[in-house]
Amino acid sequence: MASEVTENGCGVAAEPTQPQEPGRGSARWGPQHAGARELAGLYSPGKRCQEWISVILCFSLMAFNFIHLLANFHLGHSWSILLGIVAGILTADFASGLVHWGADTWGSVDLPIFGKAFIRPFREHHIDPTAITRHDFIETNGDNCMLTIVPLATMAFNFLTLSPAEVYHIYPWYCYLFALAIFVTLTNQIHKWSHTYFGLPFWVVFLQDCHIILPRKHHRIHHVSPHETYFCITTGWLNYPLEKLGFWRTLEDLIQSVTGEKPRADDMKWAQKLK
Ligand SMILES: [Zn+2]
Ligand SMILES: [Zn+2]
């Protein structure tokens, strides 16, 4: 049983009777799950184009800003750079949790445009957790790249227009922003690695084992149905404290009491779609 969990990287996957053959139409999870097949089919060429543009823009801006950060480096900033990087990583981890929690818990694939483009991958991921390991670089990272384009473009514009004295003053803040942008951009790649059990480069496994990025065993806690905890997927550093605080539960109770919406109703609907 334990080895099944390991291979699939998914708590709900610990069912030894999983049907795999095409055509059976009653798979409880995985690529043959009826809901997973329908969700995968909604990945459109337009969406693919948006992802390509996002990846190209994001990585170009990142390289540009990195060169300018190096060119403006001063030893006197060492401690504030370190602080900025740690704070940037923590912010990225929290943001990953907030976005993941929001998409898992609320909204529906039926929402116009937004539902198919941005909620669909979250629904697919719960019923076919290994699909992400078959997605290429563009599909894995496109949406996260899109999120960081505006802040990275603003930073690049400021490097071109501010005086050296102004850049010196703002430098630690830019280290924070750059670390945040890097980790937000890499979040889904890190998430993909946490589901990959074969062929990972040794340095990725090393970073996972040191818990510098999301470890595989740690992320499996989220994949136990009904997927109501451990939403942070960048480093996962905030998962334990947020769970102890009952952070997500409190937020859900609050939203349910105001809107009357039931948390994860749409997620449950897709999970139960067996035909
Ligand atoms: Zn999830
Ligand atoms: Zn996952």
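Nothing in this text is a laboratory measurement; each read-out follows from the coordinates by a stated rule. Computed from a prediction, not measured in an experiment: that's the story for all the values here. Ideal geometry is used to build each Cβ from the backbone, glycine not excepted, and the neighbour counts take in all protein chains shown.
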Search result, residues across the range 216-266 that are part of a loop (DSSP other than H, G, I, E, B) and either away from ligand 2 (no atom under 16 Å from the Cβ) or within 15 Å of I89 (Cβ to Cβ) (or both):
C232, I233, T234, T235, G236, W237, L238, G246, G260, E261, K262, P263
Complete set of residues in the range 111-137 that are among the β-branched types (V, I, T), in a helix (DSSP H, G or I) and either surrounded by 22 or more Cβ atoms within 10 Å (Cβ to Cβ) or over 14 Å from the mean Cα position of the chain (by Cα) (or both)
I119, I127
Among the residues of the range 183-215 satisfying the criterion of being more than 14 Å from the chain's Cα centre (by Cα) and either under 17 Å from P121 (Cα atoms) or not in a loop (DSSP other than H, G, I, E, B) (or both), which is nearest to ligand 2 (Cβ to nearest atom)?
Q208
Please verify whether the range 122-139 includes one or more residues that are away from ligand 2 (no atom under 15 Å from the Cβ) and of a type in the set (V, I, T).
yes
For D143, only one of the following conditions fails: (1) under 25 Å from Q272 (Cα atoms); (2) within 15 Å of ligand 1 (Cβ to nearest atom); (3) surrounded by fewer than 21 Cβ atoms within 10 Å (Cβ to Cβ). What is its number?
(1)
Filtering the range 189-215 for residues that are over 18 Å from L90 (Cβ atoms) and within 14 Å of ligand 1 (Cβ to nearest atom) leaves a count of 3
Of the listed residues (W101, W79), the one being among the hydrophobic types (A, V, I, L, M, F, W, C) and crowded, with 19+ Cβ neighbours inside 10 Å is W101
In the range 216-245, which residue that is away from ligand 1 (no atom under 11 Å from the Cβ) and among the hydroxyl-bearing types (S, T, Y) is surrounded by the fewest Cβ atoms within 10 Å (Cβ to Cβ)?
Y240
Inside the range 65-110, the number of residues satisfying the requirement of being in a helix (DSSP H, G or I), under 30 Å from I127 (Cα atoms) and among the hydroxyl-bearing types (S, T, Y) is 3
